[in-house]
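Read the structure below first, then the notes.
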């Protein structure tokens, strides 16, 4: 079961968290494959999606979520050259599809 609400993405958004902190957090033993969080990218105004991808070697991957401004002025987001109208649509897409090795299964909640 996909245990997160993509429309409540700020509940698993960690502003100010570094790549290294996110990697350490999701790389801990016992964190399930498909667990993820969002954080600010080192590129201003953009985000990173950090995902636990595999248990062997505690693999954690980081994906850049970029602003995507269309010719008509509409602003969306893109990840790995795939465009989406907004973050909830991007997250929903990867609930059902694999990023590199895993889908988004559960959010690491920002308490």
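The values are calculated or read from the model by the stated rules, or taken from the named source; none is laboratory data. As the structure is a computational prediction, the values presented were derived from the model and not from experiment. Every residue, glycine as well, gets a Cβ built from its backbone with ideal geometry; the counts of neighbours run over all protein chains shown.
Among the residues making up the stretch 39-61, those that are surrounded by 13 or more Cβ atoms within 10 Å (Cβ to Cβ) and either touching a helix residue (DSSP H, G or I) at 6+ places or on another chain (Cβ under 6 Å) or in a loop (DSSP other than H, G, I, E, B) (or both) are 39, 41, 46, 50, 52, 58, 60.
Scanning the stretch 1-38 for residues that are over 18 Å from residue 79 (Cα atoms), in a strand (DSSP E or B) and modelled with pLDDT of 90 or more turns up just one, 14. When the stretch 69-99 is filtered for residues that are part of a loop (DSSP other than H, G, I, E, B) and either over 12 Å from residue 36 (Cβ atoms) or touching a helix residue (DSSP H, G or I) at 6+ places or on another chain (Cβ under 8 Å) (or both), the ones remaining, listed by number, are 70, 71, 72, 73, 74, 80, 81, 85, 86, 97, 98.
Candidates are the residues of the stretch 71-86 that are in contact with a strand residue (DSSP E or B) (Cβ under 6 Å, 6 or more places away or on another chain) and closer than 14 Å to residue 48 by Cα; the one that is surrounded by the most Cβ atoms within 10 Å (Cβ to Cβ) is 79. Residues considered: 59, 75. Of these, the only one that is farther than 23 Å from residue 26 by Cα and more than 14 Å from the chain's Cα centre (by Cα) is 75.
Tallying residues that are in contact with a strand residue (DSSP E or B) (Cβ under 9 Å, 6 or more places away or on another chain) and loosely packed, with under 11 Cβ neighbours inside 10 Å within the stretch 87-104 yields 0.
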